[in-house]
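Just so you know, all these numbers are worked out from the coordinates, no wet-lab data involved. All values reported here derive from a predicted model rather than from experimental measurement. Cβ sites come from the backbone with ideal geometry, for glycine too, and all protein chains shown count toward neighbours.
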Amino acid sequence: MLKRVAILANGGDVAGLNPVIRAIKRSCEVHGIECYGFIDGYKGLLENKFIRLDFNHLADGILPKGGSIIGSSTNTIVFHYKVTNPDGTVEYKDLSDLCVQNVMKDGFDCVFTLGGDSTQKSARDLFIKGIKTIGVPKTIDNDVACTDITFGYNTAVSVAAEALDRLHTTAETHHRIMCLEVMGRYAGWIALESAIAGGADAVLIPEIPYDINKVAQSIKRRIARGKQFSVVVVSEGAIPKNGQASTFNSDVDNGTGITVKFAGAGDKVAKELEKLVGLEARCTTLGYMQRGGTPTAYDRVLSTKYGAKAMELAMEGKFGVLTVIKNGKLDYVPLEEVVGNNKELGAVEGGTEDSNVRLVTMDDELVKTARDIGICLGD
């Protein structure tokens, strides 16, 4: 019998976090279960900071609200946590046992983990150590394994498509090549779907190493047909053939020791196309615009379905699982399947070669559709 549950949101904010929190909270109210929220994700779990959510006016009216009312933390890996010693030295420690102690002491019967690949990896690891976890797949990249779609993705695609509508008018007016860089480090779902929705002429995704000359040739063919402009969507993780993704080393170490960031892919493509084609080229990087703001109606419904399903699983005693949508229907899979080959307990990060992230495959209908309507994929 469930008595007390807790929610944590981890990783980057997305539109839809609050609707998931709301759905879990309201389900708890219906069934007489106390509902709490850890503040700032796994960091709150580690520091044992939480607030009560059920019948709390602070948690009312959050369905259309972006972000997370309980905050979130990025790259907080409790198995590899940055600690500054009294003498100023820095080391990384496994503090997961403290998290287990906090949950046991607080009497939480289940912890719902709202997040992507890395978040669910930690959820699996904590489940092994004794915390009853249920994951809910969150990321605008849409790359969580075992589910057809993650919440937050639809809103991100909608924002990108609207940006493309606006860039089209500038491109056509000034006879330019307009590049739009969107998020997607390893998976090109946002780039691909927004390119189709926004009428782009080319799209470059991480799964298909691109030949910039092929893109230039496709634009030249448009010019020959009287189209003196083009619009190109570039995923931040796009990789040129025989090259590498555009990254930089950040001075900011936010707790994992990982400082490599993705940036500059769109600018790189714009500069190269300007030289090869002869048209002026500009790049717009959407960045955090894709993650913030009001969720679409689709994401509100999807998030609510995910939250309600998560509570249903908890009441059935099904833990160590991820809520998913398969073939349009709500379901669940063991977190072991989500982790894939990244089995090592307390691995520093997700998104590794062993991770089971969901990538665009060449037989996907979106790829076929893009090719059928003449969008250049750079190959």
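Okay, here's what the table says:
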read-out	value
For the range 278-330, the fraction of alpha-carbon pairs in successive 5 Å shells from zero, as %	4, 14, 16, 15, 12, 11, 8, 6, 5, 4, 2, 2, 0
Nearest-0.05 FRET efficiency for Lys275 and Asn242, computed from C-beta distance (R0 25 Å)	0.85
Coarse-grained scattering of the range 107-152 at q = 0.27, 0.30, 0.31, 0.32 Å⁻¹, given as base-10 log I(q)/I(0) from a Debye sum over alpha-carbon atoms	-0.92, -1.04, -1.08, -1.13
For the range 65-213, projected area of the alpha-carbon convex hull averaged over all directions, nm²	13.8
Cα Rg, Dmax, the range 132-291, angstrom units	16.4, 62
Cα Rg, Dmax (largest Cα-Cα span) when computed across the range 1-58, Å	11.4, 33
The chain, helix-only ellipticity at 222 nm - DSSP H runs n ≥ 4, -39,500 (n - 2.57), divided by all residues, nearest 500	-11000 deg cm²/dmol
Across the chain: Cys residues that no other cysteine approaches within a C-beta distance under 4.7 Å	Cys99, Cys110, Cys146, Cys376
Cross-link table Lys3/Lys93; Lys43/Lys261; Lys132/Lys309; Lys121/Lys241, entries beyond 25 Å C-alpha to C-alpha	Lys3/Lys93; Lys121/Lys241
FRET E, pair His31, Thr294, Förster distance 41 Å, beta-carbon r, rounded to 0.05	0.90
Gain upon complete extension [Thr170, Lys49; 0.36 nm per residue less C-alpha separation]	38.7 nm
Excluding exposed DSSP-loop GluC sites (Glu not before Pro) (at most 15 other C-beta within 10 Å), longest clean stretch of the chain	1-315
Three-way shape call for the range 15-135 based on the alpha-carbon gyration tensor, with the a/c threshold at 1.5	prolate
Ratio of Rg to Rh over the range 148-219 (Cα coordinates, Kirkwood Rh, two decimals)	0.98
Label-to-label distance, nm, for residues given as Ile373 and Val100 (7 Å Cα→Cβ offset)	5.2
The range 15-107: relative contact order as a whole-number percent, Cα under 8 Å and 6+ apart	29
Kirkwood hydrodynamic radius (C-alpha pairs) into Stokes-Einstein, the chain, 25 °C and 0.890 mPa s, D in µm²/s	114
Values of log10 I(q)/I(0), in the order q = 0.16 Å⁻¹, for the range 69-141 under a Debye, Cα-only, solvent-free model	-0.64
Average silhouette area of the range 194-242, convex hull of alpha-carbon atoms, in square nanometres	3.6
Beta bridge orientation in the chain: antiparallel %, DSSP, nearest 5	30
